[in-house]
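> The following block contains the structure, expressed as structure tokens.
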Amino acid sequence: QMTGVEGYVESAASGLMAGIHTARRLLGLAEVEFPPVTAHGALCRYISNPSVLNFQPMNVNFGIFPAIDDPAVPKKEKKAAYASRALSALPSYEVR
């Protein structure tokens, strides 16, 4: 909870991100910023957003992702649409 996240997966993810950022800084490489449509990006956006009132440590959940407001996407297919959008946002990121 010190990092603003709650849960084993979220804690491991925040530790991974801290390690990636530290290594890249030491190597003189640019920071990696995951898009807010991904789980990493949505969680980072939530925990670093100063406009969040009554902050509580957070698990990854669909409520912190940017909404999919496309009425053409049926409710039963929303979660798959979130996953598809996140995966399509990742190929431009290469971590070395």
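The values are calculated or read from the model by the stated rules, or taken from the named source; none is laboratory data. Predicted model, so just to flag it, every value in this text is computed and none were measured. Glycine gets a Cβ as well: all are built from the backbone with ideal geometry, and neighbour counts include every protein chain shown. Side chains are part of the model used for accessible areas, which takes the heavy atoms of the whole protein and leaves out ligands, DNA and RNA. Shrake-Rupley method; radii C 1.70, N 1.55, O 1.52, S 1.80 Å.
> In nm, what is the difference between 0.36 nm times the number of residues separating A23 and A80 and their Cα-Cα distance?
Stretched fully, the A23-A80 segment lengthens by 17.2 nm.
> Which residues' amide hydrogens lie under 5 Å from the amide hydrogen of N59, considering only partners 5 or more residues apart or on another chain, with H built in the peptide plane?
Distant-sequence amide H within range of N59: E6.
> Hey, another quick one. If you place +1 on the Cβ of every Lys and Arg and -1 on the Cβ of every Asp and Glu, how big does the dipole about the Cα centre of the chain come out, in debye to the nearest 20? All intermediate terms of the calculation are to be shown ahead of the outcome.
Numbers: 9 positive and 8 negative charges, 25 e Å.
Computed about the Cα centre, the dipole is about 120 debye.
> Tilt of helix 78-89 relative to the longest C-alpha principal axis of the chain, in degrees (0 to 90, nearest 10)?
The angle comes out near 40 degrees.
> Rounded to a whole number, what % of the accessible area of the chain do carbon and sulfur atoms account for, probe 1.4 Å?
Details: 4230 of 6930 Å².
Its accessible area is 61 percent carbon and sulfur atoms.
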